[in-house]
Amino acid sequence: MKRTDWLPGAIFASALSCVLWGYLLNSGDIASVWALFGVSNQLMASIGLVYGVTYVLKIAPKRIYVLTCFVPFVYLYVTVNVAGFWMVKHVYWNAAAGGYNILNSVLSCIMLGLGIIIVIAAAIKWGQMWKQPRFEKVL
């Protein structure tokens, strides 16, 4: 795992990525894959805002400044989760829909589930940070 210069491992990982990417494209149409990318992109943005909330909470002189990241995070995270679960239920798991694809539904559920885990872990950390005194005076 630590040897990043091992050529057989690099070739195998590249080939595996290409095969899986090709399978993903051949298992459905580009519209279903495009929606999957949309969900993953917005989840990455919400995780970036999670980091922003944590960072602002850690360094800002006033805790009210955390709202600059927290409000957009809540909006984006709720929106992407509602859209992602709607997509899974009404498109990927619906045999009558044109985008019926079990692979995309599994990938979407994995991404959404990991996003929930990250947000729960961050919320626990935010609670711990909120209880700590803001800045301790050193005499």
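What FRET efficiency comes out for the pair Tyr100/Ile11, r = Cβ-Cβ distance, R0 = 35 Å, nearest 0.05?
Approximately 0.50, to the nearest 0.05.
For the range 1-49, which whole-number percentage of the solvent-accessible area (1.4 Å probe, protein heavy atoms only) is attributable to carbon and sulfur atoms? Working shown, then result.
Details: 2710 of 3760 Å².
Carbon and sulfur together cover 72 percent of it.
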Quiz prompt | Part-to-part distance (alpha-carbon centres) for the range 70-101 and the range 1-63, which is given in Å | solution = 18 Å
Exercise. Could you tally up the Lys pairs in the chain with alpha carbons closer than 26 Å? Skip any pair fewer than 8 positions apart unless they're on separate chains.
Key: 7
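Can you give the relative contact order of the chain as a percent, counting alpha carbon pairs under 8 Å and 6+ residues apart? Intermediate values should be presented prior to the final figure.
Numbers: 85 pairs, mean separation 36.4, N = 139.
After rounding, I find 26 percent.
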Quiz item: Mind listing which trypsin sites (Lys or Arg not before Pro) in the range 55-139 are in a DSSP loop and have 12 or fewer other Cβ atoms within 10 Å?
Solution: Lys62, Arg134, Lys137
Quiz item: Under a 1.4 Å probe, what is the accessible area of the chain per residue, stated in Å²?
Solution: 71 Å²
Self-check item: Scaled radius of gyration (Cα, divided by 2.2 N^0.38 Å) that the chain gives
Solution: 1.39
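Given all pairs of different Cα atoms, what value in angstroms does the Kirkwood hydrodynamic radius of the range 76-133 take?
It is 12.9 Å.
The values are calculated or read from the model by the stated rules, or taken from the named source; none is laboratory data. Just so we're clear, the structure is a prediction, and the values are computed from it rather than from any experiment. Every residue, glycine as well, gets a Cβ built from its backbone with ideal geometry; the counts of neighbours run over all protein chains shown. Ligands, DNA and RNA are stripped out before the accessible areas are found, and what is left, the full protein with its side chains, is counted by its heavy atoms. Shrake-Rupley method; radii C 1.70, N 1.55, O 1.52, S 1.80 Å.
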